[in-house]
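Visitor: Just passing along the structure, written as structure tokens.
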Amino acid sequence: MSGYESAERRFETDTLGGIRSQSMLERLPRSRRPQQRRPSRSVPPMFPKVFPKMFPSTFRAITCSMAILCVAPVVAQDQPAATNPNVSARPNIVWIMSEDNSKHYLKHFDETGVETPAIEAMAAHGVTFDRAFSNAPVCSTARTTLITGCYGPRIGTQFHRRTEPATLPQGVEMFPAWLRQSGYYTTNSSKEDYNAKKRMQPWDDSSRKASWKNRPSDDTPFFHVVTFADSHEGRLHFDVDALQKPTKFDQETVSLQPYFPDTQVFRHTAAFYRDRMSIIDEKVASVVAQLEQAGELENTFVFYFGDHGGVLPRGKGYIYESGLHVPLVVRIPDNYRRLVDREIGSRTKGFVSFIDFAPTVLSLAGVPLDKAGPIDGKAFLGQRIDAAEVDSRDTTFGYADRMDEKYDLVRSIRVGDWKLIRSFESFQPDAMWADYRYKMLAYQQWRDRYHTGKLNNVQSQFFKPRPPELLFNLADDPHEVNNLAGDPLHGDRLTELRMKLNAHLKQTNDLGFLTEAGMLKILDAPVANGKRLSHEIASYIDTANIAVMPWDQASKALLSAINSGDMLQRYWALVAASSIAASNRSANLDMAADDTFLKLLRRRTLDPEPLVASRAAQLAAILQTEDPRPVFQRTLQLSQSPTEALQIFNMVRHVHALPGTPFPMGSKMFQLPFQPDPKGLIQQHLDHLDLP
């Protein structure tokens with residue numbers, strides 16, 4: 001089992017049932033719960049039993065005052081009262097997550113999806129968010145965003161799988177810690193997968209046995225998270241024999257995205273995945289049923305959502321809508337209707353992102369939002385949250401960096417129906433090898449058909465170098481296949497989104513522009529160091545953006561930046577030049593014929609910084625002016641860390657996969673100053689170099 005597969009292995013037991021821990025308190029018998037929660041801590045034990053009968057009005061006044069005193073330290077003063085006076089001031093909250101699925105596979109969100117009656121019943125008793133987004137298209141990065149409310153590239157948590165965990169910014173905690181501090185019982189069953197270090201403990205229990213039923217008393221409010229893996233990418237790692245098995249969803253009528261070839265493999269995979277979503281719906285129904293049986297359903301906000309997009313090819317791991325646009329439904333409990341400024345059964349097109357989930361839970365729980373520290377999100381439900389303001393939200397940002405052994409740096413902005421994807425390493429195709437991805441038969445067949453010339457232009461896009469900028473009008477092009485970035489009619493729109501995206505990258509001091517190896521040096525205080533280096537980061541972003549300048553302006557800027565005394569200026573100038581060379585045939589010829597440029601490029605292949613020299617060798621291979629192999633051999637021997645070597649191997653693999661490359665490579669030609677982990681990501685690169 002690969003490291004990735006092992007790390008992503010999930011448990012599919014019914015986690016809400018749980019086995020109680022055997023504390024002294026939990027050994028005490030419980031009375032059978034009524035259908036509505038009993039008053040919380042409202043009758044002190046010293047009160048005579050006859051007191052409420054003799055003085056009913058005085059009793060009610062005293063007990064109400066005591067209840068207010070009990071919750072005052074943790075509930076904001078403007079917390080609306082529950083509809084029922086016998087209900088605690090604080091609701092329960094449950095998150096139900098399904099792994100690796102975008103909104104496109106549920107009929108509630110997309111007509112090509114499967115019926116999900118349990119999720120649809122939740123929506124009929126709650127709110128549907130038609131435009132909900134993960135900020136990252138893969139598990140660890142997405143989940144770290146959820147648990148912190150912070151953009152990954154700002155806090156140093158954007159790489160999957162993380163090399164080292166980041167230290168959270170001062171004042172920021174994994175948000176369930178604030179719930180625990182205010183009296184909630186917090187449980188997680190059972191996936192965490194965070195890219196940051198815990199400071200305060202967020203969970204009372206995070207395990208396969210974690211359950212809200214184990215809370216210390218019936219009156220303790222709870223926050224529970226359950227993740228179902230039945231929709232995980234690994235479920236599509238079936239063999240050829242599985243193609244003969246029938247699917248419940250009709251393979252003949254299943255809808256295929258236009259970038260897929262119409263084959264039995266893809267039809268079976270698409271139908272089989274919809275069957276998995278039916279299983280998810282059954283699991284959702286079981287969670288809701290258990291809450292109802294315990295008399296807690298109308299005391300509990302129940303969220304259902306995907307933990308990011310996926311999982312057919314070009315979904316999970318990619319920054320298209322199929323990787324970011326998730327289903328989100330929130331069931332509103334009857335006893336807490338006043339906390340939600342919306343009609344039951346309504347839908348909203350207001351944009352909500354994973355950065356917004358933490359402040360939303362805190363708002364519903366009555367925990368003051370300033371408790372959350374300097375986070376990036378805004379609540380979309382809860383006290384004093386105006387539905388009209390949420391409906392007006394129309395912007396979301398996305399990020400994709402290294403995923404397993406495959407390096408990339410992609411950022412996106414969506415405003416309304418317009419979306420800009422900025423691929424900073426656009427010379428690499430989306431199809432760059434990632435071992436776990438290509439365990440799927442659909443990926444394998446797609447790749448084989450490309451290499452045998454059996455795909456049309458749209459189906460071939462995945463395997464070709466990308467333009468540095470992709471502009472899509474999602475109203476007309478929901479599958480993001482018609483790039484409008486080069487259309488003069490949309491020049492103003494492109495400029496507007498480009499400016500907004502660049503402003504966001506600079507305002508958040510995007511740490512991706514330090515490279516992963518560089519970022520690891522500042523992970524003890526990533527946000528503080530990002531602010532300290534804000535001027536440098538902004539300059540690296542500007543240098544990388546030379547790639548989107550007209551060539552007659554870009555050539556002079558490239559020469560200056562490649563000759564810079566700043567290592568990362570040289571690095572990003574070479575990255576920009578590679579993007580230009582791969583996407584602009586005229587510029588490619590100009591570079592290859594320019595003696596001044598080639599002399600400077602040769603000098604950079606001798607750069608003392610291994611990453612800079614390797615980028616120069618990669619560009620020389622794209623231009624086919626120099627053999628990059630001796631440079632790669634030297635830089636790998638000089639690499640200062642396994643992380644740096646991993647990124648160099650990504651460049652090696654890219655050159656190795658270039659169409660018609662005269663520079664074939666094998667694993668035996670590379671020596672490392674350390675022994676790679678035999679099950680690690682570098683070994684995956686080495687193993688793949690030796691495949692035919």
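Visitor: As a footprinting exposure proxy, order TYR318, TYR436 by other Cβ within 10 Å, with the fewest listed first.
Guide: TYR436, TYR318
Visitor: Could you tell me which of the pairs LYS245/LYS679; LYS371/LYS531; LYS197/LYS506; LYS103/LYS406; LYS378/LYS439; LYS191/LYS406 are separated by over 30 angstrom between their Cα atoms in the structure shown?
Guide: Those over the limit are LYS245/LYS679; LYS378/LYS439.
Visitor: As I understand it, the value is the acute angle between the Cα axis of helix 56-71 and the longest principal axis of the Cα atoms of the chain; what does it come to in degrees, rounded to 10?
Guide: Helix 56-71 sits at roughly 20 degrees to that axis.
Visitor: What dipole magnitude, in Debye to the nearest 20, does the stretch 142-222 give about its Cα centre under +1 on Lys/Arg Cβ and -1 on Asp/Glu Cβ?
Guide: Taking the Cα centre of the stretch 142-222 as origin, the dipole is about 280 debye.
Visitor: If you place +1 on the Cβ of every Lys and Arg, -1 on the Cβ of every Asp and Glu, and leave all else neutral, what size is the dipole of the chain about its Cα centre, to the nearest 20 Debye?
Guide: So the magnitude is around 1920 debye.
Visitor: Just to be sure I understand the model, the point goes 7 Å from the Cα along the line to the Cβ. What's the resulting ALA592 to GLU252 distance in nm?
Guide: Going by the 7 Å Cα→Cβ label model, 5.1 nm.
Visitor: Run the helix sum for the chain: -39,500 (n - 2.57) per DSSP H stretch of 4+ residues, divided by residue count, reported at 222 nm to the nearest 500 deg cm²/dmol.
Guide: Roughly -10500 deg cm²/dmol at 222 nm, from the helical runs in the chain.
Visitor: On alpha-carbon atoms, Rg over Rh for the stretch 448-559 using Kirkwood Rh?
Guide: Taking Rh as the inverse mean 1/r over Cα pairs, Rg/Rh reads 1.06.
Visitor: Let me ask you something else. Please report Rg over Rh for the stretch 243-396, where both radii come from the alpha carbon positions and Rh follows the Kirkwood definition.
Guide: Computed over Cα atoms, the ratio is 1.04.
Visitor: Which order do HIS451, HIS490 fall in if you start with the one that has the fewest other Cβ atoms within 10 Å?
Guide: Sorted ascending by nearby Cβ count, the order is HIS451, HIS490.
Visitor: Same structure again: With a cut-off of 8 Å between alpha carbons and a minimum separation of six or more residues, what is the relative contact order of the stretch 399-489 in percent?
Guide: 29 percent
Visitor: May I pose another question? Taking 8 Å as the Cα distance limit and 6 or more residues as the minimum spacing, I'd like the relative contact order of the stretch 513-689 as a percentage.
Guide: Taking the mean separation of contacting Cα pairs over the length of the stretch 513-689, I get 15 percent.
Visitor: Could you work out the per residue convex hull volume over the alpha carbons of the chain, in cubic angstrom?
Guide: 161 Å³
Visitor: Enumerate the aspartates and glutamates that LYS419 could reach by cross-link, defined here as Cα to Cα under 14 Å, with residues fewer than 8 away along the same chain left out.
Guide: Once the sequence-local aspartates and glutamates are set aside, what remains near LYS419 is GLU321, ASP394, GLU469, ASP476, ASP477, GLU480, ASP492, GLU496.
Visitor: Can you find, among LEU409, MET440, LEU489, the residue sitting farthest towards the positive end of the charge dipole of the stretch 399-489, where Lys and Arg contribute +1 and Asp and Glu -1 at Cβ?
Guide: Positive-most Cα among the choices belongs to MET440.
Visitor: In Å and from the alpha-carbon atoms only, list the Rg and Dmax of the stretch 399-489.
Guide: 14.1, 42
Visitor: Using alpha-carbon positions, what is the distance between the centroids of the stretch 308-382 and the stretch 494-549, in Å?
Guide: Their Cα centres are 27 Å away from one another.
Visitor: Then there is this: From the gyration tensor of the Cα coordinates in the stretch 295-360, what semi-axes in whole Å does the equivalent ellipsoid have, largest first, with each one equal to sqrt(5λ)?
Guide: 28, 13, 10
Visitor: Which three numbers, in whole Å and largest first, are the semi-axes of the equivalent ellipsoid of the stretch 580-692 derived from its Cα gyration tensor as √(5λ)?
Guide: The equivalent ellipsoid of the stretch 580-692 has semi-axes of 26, 16, 10 Å.
Visitor: Students often check this: by mean Cβ neighbours within 10 Å, which of 661-673, 402-414 ranks highest, and how do the rest follow?
Guide: 402-414, 661-673
Visitor: Treat every Asp and Glu Cβ in the stretch 315-417 as -1 and every Lys and Arg Cβ as +1, leave all other atoms uncharged, and give the resulting dipole magnitude about the Cα centre to the nearest 20 debye.
Guide: Rounded to the nearest 20 debye, it is 240 debye.
Visitor: Still on this structure, I have one more. Between VAL225, ASN135, THR157, whose Cα lies farthest towards the positive end of the dipole of the chain when Lys and Arg beta carbons carry +1 and Asp and Glu beta carbons carry -1, centred on the Cα centre?
Guide: With unit charges placed on the Cβ atoms, the residue in question is VAL225.
Visitor: Before anything else, pin down the relative contact order of the chain: Cα pairs under 8 Å, at least 6 apart, normalised by residue count, whole percent.
Guide: 15 percent
Visitor: What do you get when you divide the Cα radius of gyration of the stretch 100-254 by 2.2 N^0.38 Å, with N the number of residues?
Guide: So the stretch 100-254 has a normalised radius of gyration of 1.25.
Visitor: Taking amide H positions as placed 1.01 Å from N in the peptide plane, with prolines and chain starts having none, which residues 5 or more places from ASN188, or on another chain, fall under 5 Å of its amide H?
Guide: ASP205, SER206, SER207, VAL225
Visitor: Helix 642-656 against the longest principal axis of the chain: what's the angle in degrees, Cα atoms only, rounded to the nearest 10?
Guide: Between the helix axis and the principal axis of the chain, the angle is about 50 degrees.
Visitor: Based on the Cβ-Cβ distance of TRP551 and LYS521, what FRET efficiency does E = 1/(1 + (r/R0)^6) give at R0 = 35 Å, to the nearest 0.05?
Guide: My answer for the efficiency is 0.50.
Visitor: Which angle between 0 and 90 degrees, to the nearest 10, do you get for helix 441-451 versus the longest principal axis of the chain when only C-alpha atoms count?
Guide: Compared with the principal axis, the helix lies near 20 degrees.
Visitor: Express in nm, to one decimal, how much length is gained between ARG208 and ARG602 on full extension, taking 0.36 nm for each residue of separation and deducting their alpha carbon distance.
Guide: 136.2 nm
Visitor: Nearest-5 percent of antiparallel DSSP beta bridges in the chain?
Guide: Of the beta bridges lying entirely in the chain, close to 50 percent run antiparallel.
Where a number appears in this text, it was derived from the coordinates with a stated rule and is not lab data. All of these numbers come straight from a predicted model, not from anything done at the bench. Methodologically, a virtual Cβ is constructed for each residue, glycine included, from the backbone with ideal geometry; neighbour enumeration extends over all protein chains shown.
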